Amino acid sequence: MKKNLTLKNKAYKLTGERRPLSYMLSSRHSIRSPLLYFDEDQGVNRPLRYARNQKSPFEDEQDGNAILEPIVFDDGMLVVERNNQVLQQFLHYHPSNGMIFEEIDRAKDATKELATVELELDAQILAKNLSTEKLVSVCRVLMGTQANSLTIPELKRDILIYAKNNPVDLTDVVNDPMLEVQNEVHDFLEKGWISFRNNQRDVYFNLPSNKKKMLTVPFNEDGHAAIVSYMQSNEGLDSYKFLKKRLKKDE
């Protein structure tokens with residue numbers, strides 16, 4: 001052991017949302033449960049085995065008097081005292097480290113939490129500063145037609161809540177260059193100039209001089225997104241320009 005090595009208690013937790021009352025981690029190498037660590041210096045896989053009365057977590061460095069002990073996470077947590085260096089080393093080399101469990105690093109966790117909080121705050125500031133016109137456009141994209149029945153204060157409230165809970169989605173929509181087109185498509189549908197038919201699988205023009213089918217919504221694709229894509233295609237660009245010009249006349 002190096003003299004300048006600072007020994008300390010360490011805490012570990014199961015990853016993800018797993019919090020069983022008791023979880024037993026594999027503590028020795030076997031065919032059924034292989035616990036191997038590839039030693040770069042020696043170029044071999046070395047079997048791991050936890051035995052508290054040994055000085056090493058590697059089975060090839062242990063004597064024949066190994067006393068095996070279970071490794072149990074209670075409520076998803078495991079605390080290893082500073083005087084149990086063999087277990088700390090064993091957990092460090094364990095193949096499940098980072099997948100089934102991980103060491104609790106408060107500084108690292110705080111950094112992650114700070115980044116999340118800042119992301120949420122930035123998204124809320126972005127949402128708060130939206131103009132009324134863009135607010136309505138963003139809410140239409142994120143909330144669908146229900147946004148049309150809400151007052152401006154209700155939309156402001158809901159978009160701030162949405163920004164906190166879904167900061168990435170909110171930021172992506174606000175900065176999406178296609179936002180204007182998406183909003184106009186909502187207007188076209190609202191005014192009845194285009195409409196869905198056949199359980200929203202087909203889209204038709206609904207103009208006095210044009211009742212033709214516009215497109216069939218591809219399988220597993222959102223209908224509004226399909227219309228936006230069509231409007232920006234070579235085939236649909238003229239129709240888009242026509243409807244947009246008609247929209248401006250109605251303003």
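The values are calculated or read from the model by the stated rules, or taken from the named source; none is laboratory data. For clarity, every value in this text was computed on a predicted model and none was experimentally measured. Cβ atoms come from the backbone with ideal geometry, glycine included; neighbour counts cover every protein chain shown.
Identify, please: which residue in the stretch 94-116 is surrounded by 11 or more Cβ atoms within 10 Å (Cβ to Cβ) and of a type in the set (A, V, I, L, M) and is, among those, nearest to the chain's Cα centre (by Cα)?
Of everything passing the filter in the stretch 94-116, ILE100 is nearest to the chain's Cα centre (by Cα).
To keep it simple, each residue is scored yes or no on (1) of a type outside the set (A, V, I, L, M, F, W, C); (2) surrounded by 12 or more Cβ atoms within 10 Å (Cβ to Cβ); (3) at pLDDT below 90.
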position	(1), (2), (3)
PRO153	yes, no, no
LYS156	yes, yes, no
GLU180	yes, yes, yes
SER195	yes, yes, no
ASN198	yes, no, no
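Give the residues of the stretch 11-54 that are small (Gly, Ala, Ser), outside any loop (DSSP other than H, G, I, E, B) and under 34 Å from the mean Cα position of the chain (by Cα), sorted by residue number.
If the condition is that a residue be small (Gly, Ala, Ser), outside any loop (DSSP other than H, G, I, E, B) and under 34 Å from the mean Cα position of the chain (by Cα), then ALA11, SER22 are the ones that fit.
Only one of these is closer than 30 Å to PRO34 by Cβ, in contact with a strand residue (DSSP E or B) (Cβ under 6 Å, 6 or more places away or on another chain), of a type in the set (S, T, N, Q) and surrounded by 15 or more Cβ atoms within 10 Å (Cβ to Cβ): GLN88, GLN54. Name it.
GLN88
Please name all residue pairs, on different chains or six or more residues apart, with Cβ atoms under 6 Å, provided the first residue is in the stretch 8-25 and is closer than 12 Å to LEU78 by Cβ and the second residue is charged (D, E, K, R) and in a loop (DSSP other than H, G, I, E, B).
ASN9/GLU81; ASN9/ARG82
Being of a type in the set (D, E, K, R) and within 39 Å of the chain's Cα centre (by Cα) is the filter here; which residues of the stretch 55-74 pass it? Full working, then the answer.
Initial filter on the stretch 55-74 (of a type in the set (D, E, K, R)): 55, 59-61, 63, 69, 74.
Within the stretch 55-74, GLU69, ASP74 meet the criteria.
Is at least one residue of the stretch 203-224 assigned to a helix (DSSP H, G or I) and touching a helix residue (DSSP H, G or I) at 6+ places or on another chain (Cβ under 7 Å)?
Scanning the stretch 203-224, I find at least one residue that is assigned to a helix (DSSP H, G or I) and touching a helix residue (DSSP H, G or I) at 6+ places or on another chain (Cβ under 7 Å), so the answer is yes.
Restricting the search to the stretch 191-210, which residues are under 16 Å from VAL228 (Cα atoms) and polar (S, T, N, Q)?
Correct list: SER195, GLN200.
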